[in-house]
Amino acid sequence: MKTKDHNKIKLWFDRLLSKSLFQQFALLALVLVVAFGISYLMLYISYDNWKEFCDKRDISEWLLPLYLLIDSNALNGIYYDHPEVHAWMLFVSSLTFIFGAFIFNGAIIGFITNAIERRVTNHRKGHIHYLNSGHQIIMGYDDMVPSIINHIFAKDANAFILLLTTNDADSMREKLQKMFNDDQLKQIIINYGNRTSTYFFKGIHLESSEQIFIVGDRTSSTHDARNVECVDCIRQYLNRPEIKQRPKRITCVFDDLDTFAAFKTTEIFNEVRDLGIEFIPYNFYTGWAKQVFVKRYYKDIDTPDKVYTYPAVFGKGYTEQGPKALTPEDTKYVHLVFVGATNFAVAFAMEAAQTLHFPNFNKNNKLKTRITFIDLNADVEKDEFITRNRHFFEVQSYYYRDLSREAIETESDNNPRDEYVMFKEENGYKPNDANFLDVEFEFIKGDVFSHRVQKEIRRWAEDIENQYLSIFVAQSNQRQNFVLAMNMPDKVYDNSIPIFIRQDRSDNFVTDLREADKKKSEKGLTYYCVDKEDNLEEKPREARYANIYPFGMNETAFSADDNSLKRAKLINYLYSTAEYSSHKFKGMLALDSMSKSQIWEEADAAWRKLSVALKWSNLYCAYTIRTKLAILRSMRKLTLDDTSLDLQELSDDEVNELAKVEHNRWNVEKLLMGFRKAFNEEDKHKHEEFANKLENNKELFIHHDIRLFDGLDDIQKLDEEFSRYIPWIMKMTMG
């Protein structure tokens, strides 16, 4: 149906009134001009000699019409001086005043009141923009936004943060009020806007912001696709010729693990990099894994300044009373058990495989880091996991057991090994072409609450002489996680096995429970028993829940590791300036002769040119520096927290051990990043006459150096060089 013309006029008028304050006052000015014209016309009609009156009283003839609108007595002076004025003119003057009173006492007050009310409404709804430059922009809102805000304030307490969201601004303020004080809330500006529309970018001055966090809402099924669209919209907006300024960094949150993994090897955001912007993908699950395995701490939701430390999953380091953990002579292997095959479990397992590598594997290749999944659908989850990481399982066999059956297990099938291995002897390869990795996976099908699975957990907990066990309860149901963690087999608590519990939101209950039991343990708890010879034994024990730790809380999800990013840039700088003919890095004397600012300038320039895959390779190398330092401390008979010798030069033995650890890590990293081991016909080590050409296969994610450390050529010297430069890297990134 066609809209009537008078409805169009109403629509135009309402839109005019609902727009800017300037347009409202412009309309008021127009009404005043019309009123003035009417007053002038009424004077002209009512009395011929009014201009003479203005001359006698020294009043401008243009002001009298205005007086008539404001003051009804203005015309009385004319009556007294000129009695010939007719009575009907009184009616004209009164009518003029009434009209004037309506305009000045009614319309003006109404416009001003409306303008104030409208501005307040626009402020509350986030339609008014205040920040012009140097601010931090967060696009979208979900439960991880408060942790991003805490991260920003931790780096700069005076930072101003602009939150762009299509959610109701008042409800956003209510959520933030629970977590931030009044001074911080004054620095958080909420603006209405859609992150995938460039229409809103100009108002928030996106181009002059310091950095941008693209968050979205992870509960949406289109979350990752819309965030990619948002990045593309930002690129288009910043690529305009009139844009002369750009933010330094864009951090984009991805929820899906496969999407996140794809962005580690593809150059989809090359054009963003070409604009001089650093692009950082972030995943909620892997971010938490880095907190547990790399940074090893979490913060309290209500008091962000309070920090709680996670235990090392690889033991406590050297102690006078106990073994020398992490040394080449250590006889234990690291064992991580994940209950549930959820996104958390998969992400944690992948990060553990990337970062947990130890020197005792080089002495005994049976001492691999073992990662176990327990799930009722483990047979299906196993196949999907293997398909995702097919090149890893082409060279490494895995364990699979079905504990859901009630059949009696025999000794032979107690721990059966399945193989999806292509590089094995029957296919024409050497024995050491397979199973040379220092990480292995195990899949157990069964209900974690069942007797058979509980019996297996108890067996692991009793085996403390052979393994460093940690249990991660990562099911999707938070209540089940809590119930299971509080009711593990007694040996788990007796032997102080750390239990990590997935919590959706608050960590308060788990943290308070652990802290209360730790206080009991600090006071001294003694376990008494009678041995076979009827002698009384007493042993120190920790309280039952002294080793439970929460993870995965939404509000403390974001934890950027800027130190690792800096170390990754330095690692790339060392390799990019290396002399490959002699396999040597730039000499320490040459580095010491350069200023720090020059080194960082060159390192940043080299980083910007780097492909996405190589950036991630350097990042994973940087993530393991903390573990390598723990290894060094243990080898030097120090505790894991003793940093006194971190900057000390490494001995030849230390260099040799860490070089092997680095290559073991590199093998796993390349396979999980999508590279595969070269087949016989592609292997430059087997066909040295074609080595130069075969090396080009790296561009196709085929790498000839995925092999045992001892099977490498002179390239292994670069692993040794990197190990020697760890103290220099630490020195450059201190403070």
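What residue, of Leu525, Leu570, Leu484, is surrounded by fewer than 18 Cβ atoms within 10 Å (Cβ to Cβ) and either modelled with pLDDT under 90 or not charged (D, E, K, R) (or both)?
Details: Leu570 fails: surrounded by fewer than 18 Cβ atoms within 10 Å (Cβ to Cβ); Leu484 fails: surrounded by fewer than 18 Cβ atoms within 10 Å (Cβ to Cβ).
None of the other options fit; the residue is Leu525.
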- Item | Count of the range 567-593 residues which are without any contact (Cβ under 8 Å) to a residue 40 or more places away in the chain and within 13 Å of Ala606 (Cβ to Cβ) | 4
- Message: assigned to a loop (DSSP other than H, G, I, E, B) and outside the structural domain of Leu671 (by TED's automatic domain parsing): is that true of Phe423 in this structure?
- Response: yes
- Note on the structure: Restricting attention to the range 468-481, the residues that are of a type outside the set (A, V, I, L, M, F, W, C) and either buried (at least 16 other Cβ atoms within 10 Å of the Cβ) or at positive phi (or both) number exactly 5
- Task: List the number of the failed condition for Glu174; all other conditions in (1) surrounded by 15 or more Cβ atoms within 10 Å (Cβ to Cβ); (2) in the same structural domain as Cys230 (by TED's automatic domain parsing) hold.
- Result: (1)
- Task: Give me a count of the residues in the range 186-232 that are without any contact (Cβ under 8 Å) to a residue 12 or more places away in the chain and among the acidic types (Asp, Glu).
- Result: 1
- Query: Condition test on Ser651, is it polar (S, T, N, Q) and either under 30 Å from Val346 (Cβ atoms) or crowded, with 16+ Cβ neighbours inside 10 Å (or both)?
  - Reply: no
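Yes or no: Ser221 surrounded by fewer than 17 Cβ atoms within 10 Å (Cβ to Cβ) and under 20 Å from the mean Cα position of the chain (by Cα)?
Values: surrounded by fewer than 17 Cβ atoms within 10 Å (Cβ to Cβ): yes; under 20 Å from the mean Cα position of the chain (by Cα): yes.
Judged against the criteria, Ser221 is a match.
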- Could you grab me the full set of residues in the range 435-458 that are touching a helix residue (DSSP H, G or I) at 6+ places or on another chain (Cβ under 9 Å), assigned to a helix (DSSP H, G or I) and surrounded by fewer than 20 Cβ atoms within 10 Å (Cβ to Cβ)? Arg458
- Run Arg707 past the list (1) in contact with a strand residue (DSSP E or B) (Cβ under 8 Å, 6 or more places away or on another chain); (2) among the charged types (D, E, K, R); (3) surrounded by fewer than 21 Cβ atoms within 10 Å (Cβ to Cβ) and report the number of the one that doesn't hold. (3)
- Working only within the range 666-684, note down all residues that are touching a residue at least 60 places away in the same chain (Cβ under 8 Å), out of contact with any Leu (no Cβ under 9 Å at 6 or more places or on another chain) and closer than 19 Å to Leu614 by Cα. Glu669, Leu672, Met673, Gly674, Phe675, Arg676
- Task: Identify all residues within the range 144-166 that are within 12 Å of Val215 (Cβ to Cβ) and assigned to a loop (DSSP other than H, G, I, E, B); write none if there are none.
- Result: Met144
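Taking into account only those residues within the range 691-731 that are of a type in the set (A, V, I, L, M, F, W, C), touching a Lys or Arg at 6+ places or on another chain (Cβ under 7 Å) and assigned to a helix (DSSP H, G or I), which is nearest to Glu394 (Cα to Cα)?
Step one: list which residues in the range 691-731 are of a type in the set (A, V, I, L, M, F, W, C), which gives 691, 694, 700-702, 706, 708-709, 712, 715, 718, 722, 726, 728-730.
Keeping just the survivors that are touching a Lys or Arg at 6+ places or on another chain (Cβ under 7 Å) gives 691, 694, 701-702, 706, 709, 726, 729.
So of that shortlist, the ones also assigned to a helix (DSSP H, G or I) come out as 691, 694, 709, 726, 729.
Values: Ala691: 23, Leu694: 20, Phe709: 18, Ile726: 32, Ile729: 35 Å.
The residue in question is Phe709.
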- Item | Those helices (runs of 4 or more DSSP H) lying entirely in the range 225-304 with at least 3 residues over 23 Å from Ala154 (Cα atoms) | 257-262, 270-274
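The values are calculated or read from the model by the stated rules, or taken from the named source; none is laboratory data. Just so you know, these numbers come straight off a predicted model, no measurement behind them. For neighbour counting, all protein chains shown are included, and Cβ atoms are generated from backbone atoms with ideal geometry for every residue, glycine included.
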